[in-house]
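> Okay, handing you the structure first.
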Amino acid sequence: MSLIEVNHVRKVFETNVRRSGRFGALRSLISPEKREVVGVEDISFSIERGESVAYLGPNGAGKSTTIKMLTGILEPSGGDIRVAGRVPTQNRKLSSYQIGVVFGQRSQLLFDLPVHDSFDMLRYMYSIPWERYHKNLKDFSDVLEVGHLLKRPVRTLSLGLRMRCEILAALLHEPEILFLDEPTIGLDVVAKERIRSFIQSINREKDVTVLLTTHDMHDIERLCSRTMIIDKGSLIYDGSLQYIKDHFATERQIRAVFPDAQAAIAAAGVFAGMAEVSVHTEEQVIKVTYDQHRTDTSELLRLLLQKADPRDLTMQDENIDALISRIYREGIEVKPKADYATMGGSSR
C-alpha cells in the first residue's frame, strides 16, 4: 500500500443562502435556504514514501480542502482516504504522530509567548523524549538559523522568521509526512531560498514525504519531481513538470540584438507578412514570438541570419508561471491513470 491513498474522494459543503431585500434577513431566518458547494469532486491519487509532490490549482480549486481531509480536519463526503494505513478522521490522534502540517496563513505557535514555549508544548503533546527533543531542536535550529529566536515572543517575529519556526515546530516529532500549504507565501527571496533548501534536505536525507501546495513556480521546480493540478475540484493532471513543459509550452521567443535601432527595425521587416509570428521592437532589440509546434525554429533563425546581421541571439521558452496560468484558464486533456507512468508521474 502507498503511504497516501486517495480513492474517489469528494467533499460537499452546505451553505446558507442570504436573501436580499428589506426583509431578506428575516425570511432567511424563518425559512433558511441551503445550497451545496462542491469543494472536491471524485479525485484519486496515491503518493509513495519519500516522494515530493506539488499540488497546484487556482484559488478555490480545492487544494486546502484536500489537505484538510488528508490531515483529518475535514471528513470526506464520499470516497476513501488512507494516510500511513489509517483513516485520518477515525484515527486523528494516532495519525498526528505521523504527519506534520504547516499552513502558510495559520499558526500553531502561541502568539504572545516565546517560541521556545510553543516547542515545549508540542514536546508534551507528542510525548517526545527529552533527549530526542533537544537533539531535533538543536539540529533543526542550526539548519534554519532560528536558535537566537527561541526566547522571543512569536508576535515580534517577521513573517519569514515565523515561517521557519512553524516548519521546525511541524518536524519536532519526526513525522513521516509533511503537508505544506503555501509555506513561502509573502516571504522575501532570502527566506524562500532558506526554506526551500531545508525542505529539500529533509526530503532527500530523512526520506520525509512532502505534499506542497504553492503558487510559486520556483518552489515546484526546486522541490518537486511530480506535479498534480486540481481545477474546480477535479484532478486534471498528475505527472512531471517537465512533461507539461514539453507538451504544453507552445510559445517560444527569439531575442536578437543589433548595433542600432535602425538595424533592428530593418530586421523586424524580415518577418512582415508571417501571420503566425509576432515581432516587437525595443530600440536595438527585436523579440520574435511564435508557436514552436506550428513554426520551425530553424527556419526563423536561418531567415534572420540570412537577411540581417544580429550581434547576439538568445531563445526563451514560455515562462512556467504563464504556462500554468494558461492551463488553469483553458484546462488540459485529462490523462487516464494508465498513462501517468509515461507522463513521469512516479517519483524521485
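> From the backbone phi of region 297-308, what are the Karplus-calculated ³J(HN,Hα) couplings (6.51 cos²θ - 1.76 cosθ + 1.60, θ = phi - 60°) in whole Hz, Gly and Pro given as x?
Per-residue couplings from phi come out as 4, 4, 5, 5, 5, 4, 5, 5, 6, 6, 9, 9 Hz.
> Among DSSP beta bridges lying fully in the chain, give the percent that are antiparallel, nearest 5.
On the way: 42 of 59 bridges.
About 70 percent, rounded to the nearest 5.
> Can I ask one more? Longer than 30 Å from Cα to Cα, which of Lys11/Lys206; Lys135/Lys245; Lys68/Lys206; Lys63/Lys192; Lys63/Lys151; Lys135/Lys192 are they? Say none if no pair is.
Values: Lys11/Lys206 33 Å; Lys135/Lys245 42 Å; Lys68/Lys206 24 Å; Lys63/Lys192 21 Å; Lys63/Lys151 34 Å; Lys135/Lys192 25 Å.
Pairs exceeding the cut-off: Lys11/Lys206; Lys135/Lys245; Lys63/Lys151.
> Given the options Leu323, Leu304, Leu56, which has the most mean-square fluctuation in a GNM of the chain, springs set between C-alpha atoms less than 10 angstrom apart?
Most flexible of the set in this elastic network: Leu304.
> While we're looking at this one, here's another question. Ordered by packing density, taken as the mean number of other Cβ atoms within 10 Å over each peptide's residues, highest first, how do 161-172, 99-110 rank?
Ranked by mean Cβ neighbours within 10 Å, highest first: 161-172, 99-110.
> For region 178-292, give me the percentage of DSSP beta bridges that are antiparallel, rounded to the nearest 5 percent.
80 percent
> Give me the percent of the accessible area of region 216-286 that comes from carbon and sulfur atoms, probe 1.4 Å, all protein chains in place.
For region 216-286, the apolar C and S fraction of the accessible surface comes to 49 percent.
> Additional query: Between Val37, Ala261, Val277, whose Cα lies farthest towards the positive end of the dipole of the chain when Lys and Arg beta carbons carry +1 and Asp and Glu beta carbons carry -1, centred on the Cα centre?
Val37
> Right, something else. Going by Cα centres, region 271-315 and region 1-45 are how many Å apart?
Distance between centres, Cα-based: 51 Å.
> For region 179-244 and region 50-101, what is the separation of their C-alpha centers, rounded to whole Å?
About 16 Å separates the Cα centre of region 179-244 from the one of region 50-101.
> For the chain, set up a Gaussian network in which alpha carbons nearer than 10 Å are linked by springs, and say which option among Phe271, Phe119, Phe198 fluctuates the most.
With Cα springs under 10 Å in the chain, the top fluctuation among Phe271, Phe119, Phe198 is at Phe271.
> Moving on. For a protection proxy built on the mean count of beta-carbon atoms within 10 angstrom, sort 224-234, 243-253 highest first, please.
The packing order, highest mean first, is 224-234, 243-253.
> So for the pair Glu205, Arg329, with labels modelled 7 Å out along Cα→Cβ, what separation do we get in nm?
Between Glu205 and Arg329, the simple spin-label model gives 4.3 nm.
> Turning to a different aspect of this structure: So if R0 is 30 Å, what FRET efficiency would Glu48 and Val189 give, r being the distance between their Cβ atoms, rounded to the nearest 0.05?
Step by step, r from the Cβ atoms, then E = 0.40.
> For Tyr237, list long-range residues whose amide hydrogen, built 1.01 Å from N in the peptide plane, is under 5 Å from its own amide hydrogen.
Placed amide hydrogens put Ile229 under 5 Å from Tyr237.
> Further question on the same structure: So what J values fall out for region 115-130 if you push phi through Karplus, 6.51 cos²θ - 1.76 cosθ + 1.60 with θ = phi - 60°, rounded to Hz, Gly and Pro as x?
Couplings: 4, 4, 5, 5, 5, 5, 5, 5, 4, 5, 4, 9, 6, 7, x, 3 Hz.
> I've got another one for you. Round to a whole number: what % of the accessible area of region 59-199 belongs to carbon and sulfur, probe 1.4 Å?
Answer for region 59-199: carbon and sulfur cover 52 percent of the accessible area.
> What is the helix-to-structure angle for 159-171, meaning the angle in degrees between its Cα long axis and the longest Cα principal axis of the chain, kept from 0 to 90 and rounded to the nearest 10?
Taking Cα atoms only, the helix is inclined about 60 degrees.
> Here's another thing I want to ask about it. Within region 281-314, which GluC sites (Glu not before Pro) sit in a loop by DSSP and count at most 13 neighbouring Cβ atoms inside 10 Å?
In loop regions of region 281-314 (DSSP not H, G, I, E or B), the sparsely surrounded GluC sites (Glu not before Pro) are Glu283.
> Counting other Cβ atoms within 10 Å, keep those with at most 13, restrict to DSSP loop, and tell me which chymotrypsin sites (Phe, Trp or Tyr not before Pro) in region 12-100 are left.
Filter output for region 12-100: Phe23.
> I would also like to ask the following. Quick check for you: with a 1.4 Å probe and neighbouring chains kept, what is the accessible area per residue of region 222-287, in Å²?
Here the per-residue accessible area is 46 Å².
> Next up: Over region 51-99, give the accessible area per residue in Å² for a 1.4 Å probe, as an integer.
The answer is 40 Å² per residue.
> Further question on the same structure: For region 184-200, just list the computed ³J(HN,Hα) in residue order, Karplus coefficients 6.51, -1.76 and 1.60, θ = phi - 60°, integers in Hz, with x standing in for Gly and Pro.
10, 5, x, 8, 7, 4, 5, 5, 4, 5, 5, 5, 4, 4, 5, 4, 4
The values are calculated or read from the model by the stated rules, or taken from the named source; none is laboratory data. The structure displayed is predicted, hence computed values, not measured ones. Neighbour counts are summed over all protein chains in view; Cβ atoms, including those assigned to glycine, are modelled from backbone coordinates with ideal geometry. The area values use the complete protein model at the heavy-atom level, side chains included, leaving out ligands, DNA and RNA. Shrake-Rupley method; radii C 1.70, N 1.55, O 1.52, S 1.80 Å.
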